[in-house]
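Read-outs throughout are calculated quantities, based only on the coordinates presented, and are distinct from any laboratory measurement. Treat the numbers as computed from the prediction; the structure is a model and nothing was measured. Cβ coordinates were reconstructed from backbone atoms using ideal geometry, including for glycine residues, and neighbour counts include every protein chain displayed.
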Amino acid sequence: QSFINSALSFREEQRLLLKNDSTKRLGDVITLNITKVEGGVQVNVLPENFTLLLDIRIPPTADFEKMEERIASWCTKAGPDVTFEYILCKRPDPNVLCFQKTEISAVTPTNGDDPFWSAFKKSLEDEKCKFEKEIFTGATDSRFVRELGYRSIGFSPMINTPSLLHDHNEYLNEAVFLRGVEIYETLIDNLASVEDVWRPLPQWSPPPDNEEKKEDEKIRRIRESVKNWEEKYEKRLSELESSMLRFAERCQSNKAELNDQRFLTMTLNLVRGILYYTAQIRDALWYPRASTRSKNVAATSSASEESLADDDKENDDFKEKAAN
């Protein structure tokens, strides 16, 4: 409860910052939403552990490390058994372990000296488009381009159209669509004519020493995760194999025929165990990388480190795959 109170208190601070300053937009403040709470087995039994999921979106103008320290302080205040970690995201590349976390504040310059922005602005002015600059609150694929140091600006000419992104009855008027095509034609022509604008910006390259420290930390976490799942793998498969042997011995001692359907069920359980724990070890071996500045955090409270590991909910997709 202490962690929840701290998170909601910070959320209220950010809400008031936005409300009391008319010049600020939603993308100028840190947004925090508690989106999921998991834990417990029965309504009249206190849970041994529970997991709290938060969706935290940090603008590039904010200090990522400071926010990370703030979350750590919430955990410390709540008690020694409260920890937090980043959620695994869907993996477009099966060889990459992808956390929903990005620490690189890659912002495309929007001043008069930048040739990319100058061409972008001129295109909109030529097309008589009124516009305002703001930080987009969602995540787009342009974050991967900016992480590499390339300029990228999100733009959609949805003129006089209500914002219905991911909402019911999302639509775009035909005339608005055709007008947008004309604007894009001007925009692409002007941007393609700018020289030396497609080279990475050198100031976005992270310091080598910081990268080395991050690599060391990633390797340590990978090794710990692999060791944890190897132990689970051996223990669980040993239990399944013992169950099958006991069942077979019981049938033999009773001179009863081994029921094919029941034996098949136990065999399938063994295969499921192999698939599940193999997937966990493989997942732990995948190399971590940053993927999005939107930071999704799982804060977990538990009576012991073992129960934390046992209650891990990050790999439900593998569980479903193994079960099917």
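Packing around the peptides 129-140, 114-125, taken as the average count of other Cβ atoms within 10 Å per residue, puts them in this order, highest first: 114-125, 129-140. Backbone amide hydrogens, once placed in the peptide plane, bring F84 within less than 5 Å of T300, excluding anything fewer than 5 places away on its chain. Under 5 Å between amide hydrogens, built in the peptide plane, is the criterion, and for V29 it picks out nothing among residues at least 5 positions away or on other chains.
Give the residue list of chymotrypsin sites (Phe, Trp or Tyr not before Pro) in region 43-91 that are DSSP loop and have at most 16 other beta-carbon atoms within 10 angstrom.
Qualifying residues, ordered by number: none.
Cross-link pairs exceeding 28 Å between alpha carbons, from the set K36/K130; K24/K66; K36/K66; K19/K128: K36/K130; K19/K128. Classify region 115-204 as rounded, prolate or oblate, taking a ≥ b ≥ c as the square roots of the eigenvalues of its Cα gyration tensor: rounded when a/c is under 1.5, otherwise prolate if a/b is larger than b/c and oblate if not. It comes out oblate by the Cα gyration axes. For G39, the residues whose amide H sits under 5 Å from its own are T51, ignoring neighbours fewer than 5 places away on the same chain, with H placed 1.01 Å from N.
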